[in-house]
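Data first, discussion second: the structure below is written as structure tokens.
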There are 2 protein chains.
Amino acid sequence: MGDQQLISAEHGGTKVLTMETVNPSVVKMEYAVLGPIFTRALELEKELAEGKAMPFKAILKGNIGDCHATGQTPITFVRQVIALCTYPQLLENPMFPEDAKQRAKGILAACSGRSVGSYSASPGIDVFQKDVAAYISQRDGLPCNYSNIFLCTGATEGIRTILKLLMTGKSGSEKAGIMIPVPQYPLYSATLTEYNAYPIPYYLDEENGWSLEVSELDRALTAAKGRCIPRAICVINPGNPTGQVLSKTNIENIIRFAHKERLMILADEVYQHNVYAKGSQFFSFKKVLMEMGPPFSSNQLASFMSTSKGFMGECGFRGGYCEMANFQDDVQKCLLKSISVKLCPPVLGQIVVSILTNPPQDGDPSFVKFQNEKSTIFSILAEKARLITDLFNSIEGISCNEVQGAMYAFPRIYLPDKAIVAARKLNQTPDFFYCSQLLEETGICTVPGSGFGQKEGTYHFRITILPPLEDIRQIMGLFKDFHLRFLDKFK
Amino acid sequence: MGDQQLISAEHGGTKVLTMETVNPSVVKMEYAVLGPIFTRALELEKELAEGKAMPFKAILKGNIGDCHATGQTPITFVRQVIALCTYPQLLENPMFPEDAKQRAKGILAACSGRSVGSYSASPGIDVFQKDVAAYISQRDGLPCNYSNIFLCTGATEGIRTILKLLMTGKSGSEKAGIMIPVPQYPLYSATLTEYNAYPIPYYLDEENGWSLEVSELDRALTAAKGRCIPRAICVINPGNPTGQVLSKTNIENIIRFAHKERLMILADEVYQHNVYAKGSQFFSFKKVLMEMGPPFSSNQLASFMSTSKGFMGECGFRGGYCEMANFQDDVQKCLLKSISVKLCPPVLGQIVVSILTNPPQDGDPSFVKFQNEKSTIFSILAEKARLITDLFNSIEGISCNEVQGAMYAFPRIYLPDKAIVAARKLNQTPDFFYCSQLLEETGICTVPGSGFGQKEGTYHFRITILPPLEDIRQIMGLFKDFHLRFLDKFK
């Protein structure tokens, strides 16, 4: 107590919140995507803007899947409808196509007071819940009830909402245990830390294209027995940061496992439209689960989708949805009560969700343009995915599984022992050390593999495949030069 | 354990989440603003739409401060700038004023990739942080550093973020104790329940215009000693649901109390523009605290503001900000890390914050229209505040403190004993019983006082002052008839 007072006095005297008193779960949270490497990149960017000489002309933000920031243009129809809904005086303007106007009128009619400035119901405007349900129904060839859908402030908020429900409110061996992949998107690890849950890591098999093996799920769960109450398994498909696309058989095996172990499945399917590799196909967990029939078809499942990925890439609008399968009415009511405190997701983000799930149809004035914009974006993404995989694999000391889907490459880097020793001396993980030097020497901002988790003794980094095609060769050239210099320096 | 299994089997067999296993903190949360009375109102609204005969023609949603839903029109400049930013093709369109175009161009230049569809930095676009800081600086006549500002998804998210930091991560007598007013806006009680904190209720004095007395703060804190670690006091000014505006002396006394007890102040100042009563004036906690000088001026303070209230009422955009005063750098970094997991607040909501804090200036093409729209909204709100106070006070068995500010009346209803007995028989609180019958007989949707907290043995409800002026007399007529019938029925 004497010591504690001394420290507090040193660190700010009468302050309530000091680093000694801040919620310890928040102190422990880590979100590497916007972590120290990114913070340093922003500093460098500022110094560049102030005219400081650097070995590069610009920072390349390869750390985050931020489509428009890296040059992707918005889908015209999305922006037209939003502009019309925001400023309905434009409904008379001839520059807007008729279907965009009709759409906007329908949306305004569904808003309280015919304004996007009013609150919506907490799970979203019902017309949009119905759009989502119709989309899922058509995607899966199975019925979908709109009351099982809630819209959210990006998929992030949906995932955090469902994880919150799964918490036990207890500590020690009664903490909620949540299975998460390694490597994983760090929203999961950060949120579990914040919620004081017990993460149960299962490893994806890099040697087999980041496949997900049930034997590994068994091992992971067995290792966690007695340490927590296992309640759910999170699966990211297509994978982030790993880019793999699960086969239907693989999904069936995961569902069997979840059912055997009484686990809810959290299916992070935000990259469901981002599938590039020949032979790869997206299967939704909902479809596979329902088609397996009883008893599997009654397993609880929450699936998440976002407007920030796919072909729209509208990250700034913070649109997303969650579909709940096999949630009882009383549990759903409890969930709705918990989100009502936050009032509602942003209404314009909800509109983007509605267009994502209910796009212009054949014959509509905007159909052709919409389809062209969409297919151009996908064909370029597919080309980048191939190109980046090939380029990484052409470099000594790097191996990279095929980017089958999503928006990232997650190459493995084979670091010389001397580099590992040098990193340890700086109290850095070797991959952090590597990414840090990469940034300082080339301006390329990536995320170290340790931010996602990786097998002991292996090192990786994540980089988006989003930069313009014409820039990628140049970026990869810069990267290759750095990498070879690095190998040479520490050989 | 046997019983538990039996219950689980009854309630869904192999389900992971049942009402028995859902996070108990979430089960306990209550948010009365969108609670059972509102749910019932939505049902009635649906039945009305289906043509069912009712004693009324429409539901009046007096439960929530949703300006546009009750007929307020958006500020033109806000919507013009958002439309221009969303669909920059409009920048050539002559129907938009030059200052709206310039504003939009500046905003797009500050967005990554010049698109509102890209992520912003987690605390918001820096240009907007600077707009907020300049606004605060001008409001208070004191410097404000923009790095102390973070934008959020409505003030709600900012409040939840700061409360999260204040948690101890412990249970029992080491829970974080947070002082909250009674009556209070139920975001506070719901969030404290969710976070497993210890609420320390202090009572506002209804007999003295809902004033906040330091002796009551002392009493409340003393009563909580040994039960928690007191860390903060939340103050809502202007008050919600109570509508009082704190005097400068009152604020000084609260600051002295907070300093003496080492409490952070959370100042919910979202209604800072909504002050109507003659003689009432808004003083920010920041200004008062800074002007008091040492040692008070180093007390930690977080202040919250929203785009959903004031004169814009743009609830659906989910814009808000928080200013942190006297937070050390390391604590701020910790906060930024915690919000980075959620990526960023909606960019268009951030734009509304920027216009709220940096409106058109004298001489700009949009200035006169902006000012006219703003002053019209305020003068109508002030008239409604007066009218509703007077009308309530003219009815037998009702007393209502003056609505000095904010957007609600919180009248006290004196219920006959027989009504109280009838309510208890239905396992309802008497005010819930009353509001429920009010809804069924008139279509007027209110929130029972028990949803905000009230002194034992007193009963209230909250109703917004937002309906159009021309409707208010009629609504109050309906209300009065109901109320007198109710008194008569249970006398």
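Tabulated values for the structure
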item	result
Yes/no for A:Leu90 being over 25 Å from A:Lys384 (Cβ atoms), at the interface with another protein chain (Cβ under 8 Å from one of its Cβ atoms) and assigned to a helix (DSSP H, G or I)	yes
Scan of the stretch A:147-165 for residues that are within 25 Å of A:Gly177 (Cβ to Cβ) and in a helix (DSSP H, G or I), ordered by number	A:Ala155, A:Thr156, A:Glu157, A:Gly158, A:Ile159, A:Arg160, A:Thr161, A:Ile162, A:Leu163, A:Lys164, A:Leu165
Residue count, the stretch B:298-308 (criterion: more than 10 Å from every other protein chain (Cβ to nearest Cβ) and within 16 Å of B:Asn358 (Cα to Cα))	2
Which numbered condition A:Thr193 fails, given (1) surrounded by fewer than 21 Cβ atoms within 10 Å (Cβ to Cβ); (2) within 14 Å of another protein chain (Cβ to nearest Cβ); (3) outside any helix (DSSP H, G or I)	(3)
Tally of residues being in a loop (DSSP other than H, G, I, E, B), under 16 Å from A:Ala121 (Cα atoms) and within 8 Å of chain A (Cβ to nearest Cβ) across the stretch B:60-83	3
Matching option when the condition is within 14 Å of chain B (Cβ to nearest Cβ) and either open to solvent by 10 Å² or more (accessible area, probe 1.4 Å) or not small (Gly, Ala, Ser) (or both), among A:Glu373, A:Glu323	A:Glu373
Matching entry among A:Pro199, A:Pro143 (being within 22 Å of A:Pro241 (Cα to Cα) and without any contact (Cβ under 8 Å) to a residue 24 or more places away in the chain)	A:Pro199
The stretch B:292-306, residues that are in contact with a helix residue (DSSP H, G or I) (Cβ under 8 Å, 6 or more places away or on another chain) and either under 16 Å from B:Asn240 (Cα atoms) or outside any loop (DSSP other than H, G, I, E, B) (or both)	B:Met292, B:Phe296, B:Ser297, B:Leu301, B:Ala302, B:Ser303, B:Phe304, B:Met305, B:Ser306
Any chance A:Ile200 is in a strand (DSSP E or B) and among the hydrophobic types (A, V, I, L, M, F, W, C)	yes
Some residue of the stretch B:329-338 being away from chain A (no Cβ under 12 Å) and crowded, with 16+ Cβ neighbours inside 10 Å	no
Count of the stretch A:208-263 residues which are open to solvent by 40 Å² or more (accessible area, probe 1.4 Å), under 26 Å from A:Ala409 (Cβ atoms) and either among the hydrophobic types (A, V, I, L, M, F, W, C) or part of a helix (DSSP H, G or I) (or both)	3
Scope the stretch A:406-435; condition open to solvent by less than 30 Å² (accessible area, probe 1.4 Å) and either out of contact with any helix residue (DSSP H, G or I) (no Cβ under 8 Å at 6 or more places or on another chain) or part of a helix (DSSP H, G or I) (or both); matching residues	A:Ala406, A:Tyr408, A:Ala419, A:Ala422, A:Ala423, A:Pro430, A:Asp431, A:Phe433, A:Tyr434, A:Cys435
Among the residues listed as B:Met54, B:Met29, the single one being open to solvent by less than 60 Å² (accessible area, probe 1.4 Å), closer than 26 Å to A:Phe327 by Cβ, assigned by TED's automatic domain parsing to the domain that holds B:Asp481 and out of contact with any strand residue (DSSP E or B) (no Cβ under 8 Å at 6 or more places or on another chain)	B:Met29
Residues of the stretch A:285-299 satisfying the condition of being over 15 Å from A:Gly158 (Cβ atoms) and not charged (D, E, K, R)	A:Val288, A:Leu289, A:Met290, A:Met292, A:Gly293, A:Pro294, A:Pro295, A:Phe296, A:Ser297, A:Ser298, A:Asn299
Condition check for A:Asp131: farther than 30 Å from A:Glu213 by Cβ, acidic (Asp, Glu) and within 11 Å of chain B (Cβ to nearest Cβ)	no
Residue count for the stretch A:339-366, restricted to those that are over 23 Å from the mean Cα position of the chain (by Cα) and touching a residue at least 40 places away in the same chain (Cβ under 8 Å)	6
First in the stretch A:440-468 and on the phi > 0 side of the Ramachandran plot, second anywhere and open to solvent by 10 Å² or more (accessible area, probe 1.4 Å) and small (Gly, Ala, Ser), Cβ under 7 Å, 6 or more apart	A:Gly443/A:Ala58
Residues located in the stretch B:167-183, provided they are surrounded by fewer than 24 Cβ atoms within 10 Å (Cβ to Cβ) and outside any strand (DSSP E or B)	B:Met167, B:Thr168, B:Gly169, B:Lys170, B:Ser171, B:Gly172, B:Ser173, B:Glu174, B:Lys175
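Residue-wise test of (1) in a helix (DSSP H, G or I); (2) assigned by TED's automatic domain parsing to the domain that holds A:Asn274; (3) aromatic (Phe, Trp, Tyr).
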residue	(1), (2), (3)
A:Gln332	yes, yes, no
A:Lys337	yes, yes, no
A:Lys342	no, yes, no
A:Asp364	no, no, no
A:Val368	yes, no, no
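For (1) of a type in the set (Val, Ile, Thr); (2) closer than 20 Å to A:Pro24 by Cα; (3) free of Cβ contacts under 8 Å to residues at least 24 places away in the same chain, each residue gets a yes or a no:
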residue: B:Phe150; (1), (2), (3): no, no, no
residue: B:Ser173; (1), (2), (3): no, yes, no
residue: B:Val182; (1), (2), (3): yes, no, no
residue: B:Ser211; (1), (2), (3): no, no, no
residue: B:Val214; (1), (2), (3): yes, no, no
residue: B:Ala220; (1), (2), (3): no, no, no
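Residue-by-condition table, conditions (1) in a helix (DSSP H, G or I); (2) within 11 Å of chain A (Cβ to nearest Cβ); (3) in contact (Cβ under 8 Å) with a residue 60 or more places away in the chain:
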| position | (1), (2), (3) |
| --- | --- |
| B:Ala58 | no, no, yes |
| B:Cys85 | yes, yes, yes |
| B:Phe96 | no, yes, no |
| B:Lys101 | yes, no, no |
| B:Gly113 | yes, yes, no |
| B:Gly117 | no, yes, yes |
| B:Ser120 | no, yes, yes |
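The values are calculated or read from the model by the stated rules, or taken from the named source; none is laboratory data. Quick caveat: nothing in here was measured; it's all calculated off a predicted structure. Here the Cβ is made from the backbone with ideal geometry for all residues, glycine too, and neighbour counts use every protein chain on show. These accessible areas exclude ligands, DNA and RNA; they are computed on the full protein's heavy atoms, side chains included. Shrake-Rupley method; radii C 1.70, N 1.55, O 1.52, S 1.80 Å.
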